[in-house]
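The structure appears right after this line, and notes come after that.
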Amino acid sequence: MNSTSAEKFDTSRASEYARQSRIALAGYDACHDLAACMLAASLGSRPANILVVGAGGTAQEIIAMAALEPQWHFTAVDPSVPMLETATAQLQANDLLHRTQVHLGHVEDLPAAASFDAATLIGVLHHLNGDEPKRQILQAIQARLKPGAPLIVAGNHYAYASQPLMLQAWGQRWRQQGVSAEEVKAKLGKILQGADPPHSEAAVQALLHEAGFGEATRFFSSLFWGAWLACKTPS
């Protein structure tokens, strides 16, 4: 997440993130659980160091991975102070701070010589405006992964206005959770103006390929959201 994107995640948004994200993404916990399963299937039950980019908020990816693989350790990176504070509180509540290094900042701030066994980038790409920032964050992650290491990428991947039926269904999802019609309208307006997702699954694949990753395998989908695993191309 770049500085401009991080500014969106202020104290108010961080405090409501856990509830809001679970409404906005039907299957939020399932996606994180399956991400952990996909990495475990790729790496096997062995010690591993995992880079978690955009870890702020719930820290759910770390919680899910740590429960499945007790020998894994994590480096959590996020540029938003409120979001990282919220995540740190969740890690502390789950007794995971001793297995996690928490870094306020960006992937590029980590040592270039860092060498991780795997990485996750969940709920980040669609908050970056334009393709170049998306490529940059993927390239920064790729440079810090071991050859052949897996990356989980998850996020929205349609131009919202191109999928009017799904956009309406997304609004119904909020209404299903008791949100008023006026609030739903406001949220639909906000999502149309406040994010820039890749416009297709093919666009996600292209970004990954350009950053030095192989063919991605999709393992989860929910309306606009998709989740994939791709591995760093051996050098």
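The values are calculated or read from the model by the stated rules, or taken from the named source; none is laboratory data. What you see is a predicted model; the values in this text were computed from it and never measured. Cβ: placed from backbone, ideal geometry, glycine included. Neighbour counts: every protein chain shown. Just the protein is used for accessible areas: all its heavy atoms, side chains included, with ligands, DNA and RNA removed. Shrake-Rupley method; radii C 1.70, N 1.55, O 1.52, S 1.80 Å.
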Kindly indicate which of His106, His98 is at negative phi and in contact with a Pro (Cβ under 6 Å, 6 or more places away or on another chain). His106
If I ask for residues that are on the phi > 0 side of the Ramachandran plot and touching a Phe, Trp or Tyr at 6+ places or on another chain (Cβ under 6 Å), which ones from the stretch 176-224 would you list? Leu223
Yes or no: Trp170 more than 17 Å from the chain's Cα centre (by Cα) and open to solvent by less than 30 Å² (accessible area, probe 1.4 Å)? yes
Verdict on Phe213 being touching a Cys at 6+ places or on another chain (Cβ under 7 Å) and either at pLDDT below 95 or open to solvent by less than 40 Å² (accessible area, probe 1.4 Å) (or both): yes
Strands (runs of 3 or more DSSP E) contained entirely in the stretch 11-106, each with at least 2 residues that are open to solvent by 10 Å² or more (accessible area, probe 1.4 Å), in contact (Cβ under 8 Å) with a residue 40 or more places away in the chain and charged (D, E, K, R): none
For residues that are in contact with a Pro (Cβ under 9 Å, 6 or more places away or on another chain) and more than 20 Å from Asp117 (Cβ to Cβ), tally how many sit in the stretch 56-86. 1
Could you count how many residues in the stretch 175-210 are touching a Leu at 6+ places or on another chain (Cβ under 9 Å) and open to solvent by 80 Å² or more (accessible area, probe 1.4 Å)? 2
Sort through Phe224, Phe219 and tell me the only one that's over 25 Å from Ala76 (Cα atoms) and within 15 Å of the chain's Cα centre (by Cα). Phe224
Given (1) open to solvent by 20 Å² or more (accessible area, probe 1.4 Å); (2) hydrophobic (A, V, I, L, M, F, W, C); (3) closer than 21 Å to His32 by Cβ, where does Phe224 come up short, assuming only one miss? (1)
The stretch 136-167, residues that are of a type in the set (A, V, I, L, M) and surrounded by fewer than 17 Cβ atoms within 10 Å (Cβ to Cβ): Ala159, Ala161, Leu165, Met166
